[in-house]
Amino acid sequence: MIFQDETLWAEGVVFITCTVIFFTSRLCSPLLIPAYKDLSKTKKVDWDSRVVSNANAVVTTGLALYALIFVDPQGWMDDPFLRISAPSMMCFSVLLGYFAYDLCLIMINRSLLAPTTIIHHVLGLWLFGIGRFLRMGHSLLLIYTLTECTTPLVNLRWMLAVLNLKNTSLYLNNGIGMALGFLLVRSFIIPSMCFYLLYSKYDISLLVIPTIIRYSCYSGMAIIHVVNTYWTFLIWQGLFKAFKDSKQGSSKQEGPVRSVTVKQDKQR
């Protein structure tokens, strides 16, 4: 299979596919979402990149779930370092291709540049590269891939905001779901599972994993957890601020409420 090949053919195919989806979004979005035409050039690039991000999140989350549930689930827990499967190899190829595509897009469009995103993607290339080419740590990486299930919520929130749909129930419910998703999935459940495996199987890792790879797994996942925790903090900070502003706004007249809304939009 191409996904079990040691070359970069699979990642190249994913890279090209992501690029095709990006330009397809540029062609189809104006037809499906008329308001897309009114976006600035920078926001159109951001919009199209988020369409690709959603596609990557759906595919990789699906592959990770399939591998963990249907490919010897107990085996992943018993041997989190050397257990591999075809779906996990496929999942990592997709992620590597996507990270490479997205980093190139960020370098071309500096408006998308964010330090935490660069850290996240570079660490992703390193860790999933270990899984893909050294065939180690598949269980841990598959579990962490499940955090991608929250990505579509982040992208939908941004899309609703630029379409001036912040006052809709969909925007509110999506925001609550995103905040809960980041808190529970990215900051608690998934990291707890990964660090439990790293701790409980530490003696095995000393025997079967080279030192540099072992340190990469432990330190890399710790850094990604810090990044996810930082994003979670920003999301909940924004949620509390929005709730506070809405309570203050309800007790004021219409004029002051509008001025607060304009101020928030400028800060975003």
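The values are calculated or read from the model by the stated rules, or taken from the named source; none is laboratory data. Not measured: the values here are computed from a predicted model. All Cβ positions, glycine included, derive from the backbone under ideal geometry; neighbour counts span all protein chains shown. Heads up: the accessible areas ignore ligands, DNA and RNA and are worked out on the full protein's heavy atoms, side chains in. Shrake-Rupley method; radii C 1.70, N 1.55, O 1.52, S 1.80 Å.
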* To do: Using the Cα centre as the reference, give the magnitude of the dipole from point charges on the C-beta atoms of the range 77-156 (Lys, Arg: +1; Asp, Glu: -1; all else neutral), rounded to the nearest 20 debye.
  => 180 debye
* Structure fact -> Taking only protein heavy atoms and a 1.4 Å probe, the highest-to-lowest accessible-area order of Tyr98, Tyr196 is Tyr196, Tyr98
* Asked: Any idea what angle helix 211-250 forms with the longest principal axis of the chain, computed on alpha-carbon atoms, 0 to 90 degrees, nearest 10?
  -> 20 degrees
* Which percent of the Cα-Cα distances in the range 137-185 go past 13 Å? -> 59 percent
* Asked: Among Lys44/Lys166; Lys41/Lys166; Lys44/Lys244, which pairs are too far apart, with a Cα-Cα distance over 28 Å?
  -> Lys44/Lys244
* Area accessible to solvent at Met193, 1.4 Å probe radius, in Å² -> 80 Å²
* Could you work out the Kirkwood radius for the chain, taking every pair of different alpha carbons, averaging 1/r and inverting it, reported in Å? => 20.1 Å
* Once you charge only the Cβ atoms, +1 for Lys and Arg and -1 for Asp and Glu, what is the size of the charge dipole of the chain about its Cα centre, to the nearest 20 debye? -> 1300 debye
* Debye log10 I(q)/I(0) for the range 12-84, one point scatterer per Cα, at q = 0.19, 0.21, 0.22, 0.26 Å⁻¹ -> -0.80, -0.89, -0.93, -1.12
* Asked: Mind checking the angle between helix 169-181 and the chain's longest principal axis? C-alpha axes, 0 to 90 degrees, to the nearest 10.
  -> 30 degrees
* **Nearest-10 value in Å² for the accessible area of Lys201, using the 1.4 Å probe** => 40 Å²
* **Acute angle (nearest 10 degrees) that the helix 9-32 long axis makes with the longest principal axis of the chain, alpha-carbon atoms** => 20 degrees
* To do: Sort 210-217, 227-234 for me by packing, meaning the mean count of neighbouring Cβ atoms within 10 Å per residue, highest on top.
  => 227-234, 210-217
